[in-house]
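Below is one structure, written out as structure tokens, with a few remarks after it.
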Amino acid sequence: MLRIGICDDSAEARQALWAAVARELEKNAVEYAAFEFSSGEGLLGWLDKHAGEIDLVFLDIEMGGMNGMETARALRERDDSLLLAFVTGYTDYVFDGYAVGALGYLVKPPRTEQVGELLGRALGALFQEGDKVFLCRNADGLYRIPKKSIRYFYSDRRQVTCVAENRSYTFYARLDDVAEAVGASFVRIHQRYLVRAGAVDRVEGGAAVLGDETLPISRKYQPEALAALARAMLE
């Protein structure tokens, strides 16, 4: 499923863009969900509580309050893997978009071929980003979590909790399967804990210290865990 946010202070413009986007997605049998925002401030506030719940955001550049470029910079500080596209009545801003890694831009009113091409690039980018994000699903939905924002995973029976910088996500899985999915940048330190090596500040007293949290390193995993964490700290 492709989850799309449209941020524009004009309701009419949001409706026009969404109609064009929906036509292209339905034509290609792509499942989707839509989220609309009337301001950059509103979008940022929503994402603070719903991190990882949007894949692609269309930003109008000429908005009141925070404009699209300011909003894009703030989004990049939160998530550098979120796909961004600009919508504008002018082409003067196109080069500014490269500074925030924009996928592309649409000129108002959006043309069908432009929308289709941009959505194609978005789907391709999402397909290729597997090494940068961890995908998990629970009863509330599907989440795309940048790996570098993850601190650790904690397993309790059949439930795993992903503890990230801004929030936590709980889902059903085996920690062994999670470890395989996230790759070598994560280290198993305990039957119940899998940590991102780069999130560990130090190792002391048989425990890994991550900011104000201390996680136990069990005897079973200690030799391999200590070696992997030492390598990560030296890199």
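Consider only pairs whose beta carbons are under 8 Å apart and that are at least six residues apart or on different chains; among these, list those whose first residue lies in the range 30-57 and is open to solvent by 60 Å² or more (accessible area, probe 1.4 Å) and whose second residue is in a loop (DSSP other than H, G, I, E, B).
If the second residue must be in a loop (DSSP other than H, G, I, E, B), the pairs left are GLU31/MET1; TYR32/MET1; SER38/ASP8; SER38/ASP9; GLU41/GLY65; GLU41/MET66; ASP48/ASN166; LYS49/ARG167.
Can you tell me which condition GLY97 does not meet? The list is (1) over 22 Å from ILE145 (Cβ atoms); (2) in a helix (DSSP H, G or I); (3) modelled with pLDDT of 90 or more, and all the others hold.
Among (1) over 22 Å from ILE145 (Cβ atoms); (2) in a helix (DSSP H, G or I); (3) modelled with pLDDT of 90 or more, the lone unmet condition for GLY97 is (3).
Just a yes or no: is a residue in the range 71-79 surrounded by fewer than 21 Cβ atoms within 10 Å (Cβ to Cβ), modelled with pLDDT of 85 or more and over 19 Å from the mean Cα position of the chain (by Cα)?
no
Test VAL209 against the criterion of being of a type outside the set (Gly, Ala, Ser), open to solvent by less than 30 Å² (accessible area, probe 1.4 Å), over 22 Å from LEU56 (Cβ atoms) and touching an Asp or Glu at 6+ places or on another chain (Cβ under 8 Å), and give yes or no.
yes
Taking the condition within 20 Å of the chain's Cα centre (by Cα) and basic (Lys, Arg), does ARG188 pass?
No.
Can you pull out the residues in the range 154-190 that are free of Cβ contacts under 8 Å to residues at least 60 places away in the same chain, within 28 Å of ARG78 (Cβ to Cβ), in a loop (DSSP other than H, G, I, E, B) and open to solvent by less than 80 Å² (accessible area, probe 1.4 Å)?
ALA173, GLY183, SER185, ILE189, listed by residue number.
Only one of these is open to solvent by 10 Å² or more (accessible area, probe 1.4 Å) and either without any contact (Cβ under 8 Å) to a residue 40 or more places away in the chain or in contact with a strand residue (DSSP E or B) (Cβ under 7 Å, 6 or more places away or on another chain) (or both): VAL107, VAL21. Name it. Lay out the reasoning, then the answer.
Working: VAL21 fails: open to solvent by 10 Å² or more (accessible area, probe 1.4 Å).
Checking each option against the conditions leaves just VAL107.
From the list TYR172, TYR193, TYR221, exactly one residue is among the hydroxyl-bearing types (Ser, Thr, Tyr), within 24 Å of the chain's Cα centre (by Cα) and farther than 12 Å from PHE153 by Cβ. Which is it?
When all the criteria are applied, what remains is TYR172.
Restricting attention to the range 110-140, which residues are open to solvent by less than 30 Å² (accessible area, probe 1.4 Å), assigned to a helix (DSSP H, G or I), modelled with pLDDT of 85 or more and not small (Gly, Ala, Ser)?
Result: VAL115, LEU118, LEU119.
The values are calculated or read from the model by the stated rules, or taken from the named source; none is laboratory data. What you see is a predicted model, and the numbers here were worked out from it, not measured in a lab. Cβ sites come from the backbone with ideal geometry, for glycine too, and all protein chains shown count toward neighbours. Note: areas computed on protein heavy atoms with side chains; ligands, DNA, RNA excluded. Shrake-Rupley method; radii C 1.70, N 1.55, O 1.52, S 1.80 Å.
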